[in-house]
Amino acid sequence: MRIKKLIILACLLLLPAVAIAQENPRIYTIQKGDTLWGISQRFITDPWYWPNLWANNPFIRNPHLIYPGQKLAIYDGRIELLPEYPAPVAVEEPVATEPLPEPVEEITFTTDGDLNSFISAARLENTGRLVDTVDNRIMMTQGDTVFLQMGDDLAAIGNKYQIFKLADPVIHPQTGANLGFQIVYRGDVQLTAAHEQVYSGTITKSVNEIERGDILLPVTEHDNVIVLNRAETPLEGCIIAAHPEKITFGQRDIFYIDLGTNDGLEVGNMLTIVRPRLATELALQDRNIVLPDTLLGRALVVRADAESSAAVILKSAEPIYRGDLVYTEME
């Protein structure tokens, strides 16, 4: 019994030392080329952790904007940005001095998500159409033979195409212009033969009802690894669409904007999302005051077409809506 008590006592005495060891961080000094993004990838191995570090330090507007010489405390599973001029404290345990990874020059980001929820009016003109099947059925499904119309430059026997249903039209929130349509994925079709006016195909996959009039888009592989690319042109735009079933958007959601490669936007550009701030009812209305915009979050461009682009939300302070504004980060 006495031996048991001694063992329990020894364990209790060791617990504070274990806790201290677990909370004893490695200190990393930020090097030239580092970003919160890259640091989170290297030390936490979680590409989605860095918005937490970013959010806890609101004075950092952009993941590019941390400076050589700043220090980070690397814990097991979390990172803390140390004060720039910390007060001197007594250190009971020596800081771990094990070698840390060297910073990398190229900052990458891995993303996934639905990049086919919107099609522009210009892109719609170059799609194929499902025009008929072999009988009078209204709905088609996997295994059915269908007839398709598409340009010879788009068609290739043996190739697969994705089938989409046209949903609601997308109207520009500010100008009222018709920009295109929301689209909903329905399935896949493979071209099997060419005829005088149409192509034959077989539906190889169906996730919902497929109907005459559905559009066809080539199967394209989007690179999920995005290289962070500082914008070279100051641009301002508007959120025009997102997934048809979403009214508000938050972190990791994908939305579409009215800027594209024709405007100078590129994949990897960072966007700031804002909303004009309205004066309160008690404001001095006769002063014609203009209040600063409400900062809603930040996003990364993951696909850029000629007149529109898709971006993923990296951080959101409050719900984001169609019609909210974006601008490119230049700093």
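Values in this text are rule-based calculations from the coordinates and carry no lab data. In this text the structure is predicted, and so the values were computed from the model without any measurement. Heads up, the Cβs are rebuilt from the backbone with ideal geometry, glycines too, and the neighbour counts pull from every protein chain shown.
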Say R0 is 51 Å: what FRET efficiency, to the nearest 0.05, do Arg78 and Asp168 get from their beta-carbon distance? 0.75
Charge tally in the Cβ shell below 14 Å around Asn178, where Lys, Arg are +1 and Asp, Glu are -1, Asn178 excluded: -3
Using a cut-off of 11 Å between beta-carbons, work out the net charge of the residues near Ala304 (Lys and Arg +1, Asp and Glu -1, Ala304 not included). -3
